[in-house]
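Take a look at the structure set out below.
No lab work stands behind these numbers, since they all come straight from the coordinates. It should be emphasised that the depicted structure is a prediction, and the values quoted were computed from it without experimental measurement. Cβ sites come from the backbone with ideal geometry, for glycine too, and all protein chains shown count toward neighbours.
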Amino acid sequence: MTNAPRRRAFYAEGGQTHSSPIPEGVVAGGFIFLSAVRGVDLKTQQVETDDVEEQARLAFEAARLALKTVGATLDDVVKIAVFFKDMNDRVAFNKVWAETFPENPPARYAIQAVDFGVVGDKSRLLLDITALAPEA
């Protein structure tokens, strides 16, 4: 029997930070779970724009960086939950989704939500991402 931890939290250098004491992600059981990926500018850690397409691109860039930290890519993503402040933003988001996953996209669902945990910022969406962890 091994004493190795069954799960491991991680943080990407230069990656998205959170106002809450949560990691950028966790690796466990052959999966990677990313925490609350938002469309923040990684330099300022702020949501700088109201534009949904730009927020989606920034969110996927943050996800790419986080996944790279543990040896994975967006091709390893198996499921994404999208939380929108306004479900009408799906049209703009779907454009970026199609660019990000031109073939073989992950499973996905979307819901409308009100509270993303950051009062007063411009967040229009939040991603909850599950990916396959690379074999050790």
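A few remarks follow.
- Extended-chain gain in nm, criterion 0.36 nm per residue less alpha-carbon gap, Lys43 and Asp75: 9.0 nm
- Projecting the Cα atoms of Ala81, Val114, Gln55 onto the dipole axis of the range 23-132, where Lys and Arg carry +1 and Asp and Glu carry -1 at the beta carbon, places Ala81 farthest toward the positive end.
- In order through the range 9-23: 3J(HN,Hα) via Karplus (6.51 cos²θ - 1.76 cosθ + 1.60), integer Hz, x for Gly, Pro: 7, 9, 9, 8, 4, x, x, 5, 10, 10, 6, 8, x, 10, x
- Cα-centred dipole magnitude for the range 30-136, charges only on beta-carbon of K, R (+1) and D, E (-1), debye, nearest 20: 140 debye
- Acute angle (nearest 10 degrees) that the helix 90-100 long axis makes with the longest principal axis of the chain, alpha-carbon atoms: 40 degrees
- Of interest is the spacing of the C-alpha centroids, which for the range 28-47 and the range 72-136 amounts to 11 Å.
- Here is the list for the range 38-79: trypsin sites (Lys or Arg not before Pro) lying in DSSP coil, each with at most 15 other C-beta atoms within 10 angstrom of its C-beta, are Lys43.
- [x] 25, 17, 13; [y] 20, 17, 15; [z] 23, 20, 13, with the label sought being that of the calculated semi-axes √(5λ) of the Cα gyration tensor in Å: [x]
- Pairwise FRET efficiency - Phe116 versus Lys68, Cβ, R0 = 22 Å, nearest 0.05: 0.35
- FRET efficiency for Asn94 and Arg8, using Cβ-Cβ distance with R0 set to 30 Å, rounded to 0.05: 0.35
- The range 23-132: Lys pairs at Cα distance under 22 angstrom, eight or more positions apart or on different chains: 7
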